[in-house]
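Peer 1: Quick one: this structure, given as C-alpha cells, is what I'll be asking you about.
The values are calculated or read from the model by the stated rules, or taken from the named source; none is laboratory data. It should be emphasised that the depicted structure is a prediction, and the values quoted were computed from it without experimental measurement. In this analysis, Cβ positions are derived from the backbone assuming ideal geometry, glycine residues included, and neighbour counts consider all displayed protein chains.
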Amino acid sequence: GYKFNAERVQQVLEGVLAGTLGTSVYSPQGSALLAQSLAELLRSRAKEVVPPRYKLVCQVLLGQQAQQSLLVASRALWDPESDSFASATFSNTSLFAVATVHGVYFE
C-alpha cells in the first residue's frame, strides 16, 4: 500500500480519458485548454489512489486523428525501487490522447 501501483493508476487514467473524451471532436482552438484541464483532472484522480509521499507529474498529449504516426518518449532521473509511472491512450474517430503520470517518492 505504500508503493506507486502503476496498474491501478493506469485504470484510473483509462477511465477518465474514456469518460471525458468519449465522443469529443478535435478542435485546434480548444485543445490546449482541454489538455490542461484533463491533466489537472487526471492528477487529482491519480492522487486519490497513490500513497501520500509521492509527488505526481501528469502529462497529456492531444492530437487530431489523421492517420499519422506518433512516438512519445520521456526520460527521468529517479530511484527504480520507489518511483514509477503509468500511461494510457485513448482514441476515437476525431482525436487521440496519450496521458502519462510519473510518481516520484518524496522523502
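Peer 1: Return yes when L13 is surrounded by 12 or more Cβ atoms within 10 Å (Cβ to Cβ), under 12 Å from the mean Cα position of the chain (by Cα), under 17 Å from F96 (Cα atoms) and modelled with pLDDT of 95 or more and no when it is not.
Peer 2: Spelling it out, L13 is indeed surrounded by 12 or more Cβ atoms within 10 Å (Cβ to Cβ), under 12 Å from the mean Cα position of the chain (by Cα), under 17 Å from F96 (Cα atoms) and modelled with pLDDT of 95 or more.
Peer 1: Would you be able to tell me the number of residues in the range 1-10 that are assigned to a loop (DSSP other than H, G, I, E, B) and under 19 Å from F96 (Cβ atoms)?
Peer 2: Result for the range 1-10: 0.
Peer 1: Looking at this structure, is G63 farther than 30 Å from Y2 by Cβ and surrounded by 13 or more Cβ atoms within 10 Å (Cβ to Cβ)?
Peer 2: yes
Peer 1: Test A86 against the stated conditions and say whether it is over 17 Å from Y2 (Cα atoms), in contact with a Ser or Thr (Cβ under 9 Å, 6 or more places away or on another chain) and buried (at least 18 other Cβ atoms within 10 Å of the Cβ).
Peer 2: Here the answer is no, as A86 does not meet what is asked.
Peer 1: Moving on to the next point. Any chance the range 69-83 includes a residue that's without any contact (Cβ under 8 Å) to a residue 12 or more places away in the chain, of a type in the set (D, E, K, R) and part of a loop (DSSP other than H, G, I, E, B)?
Peer 2: yes
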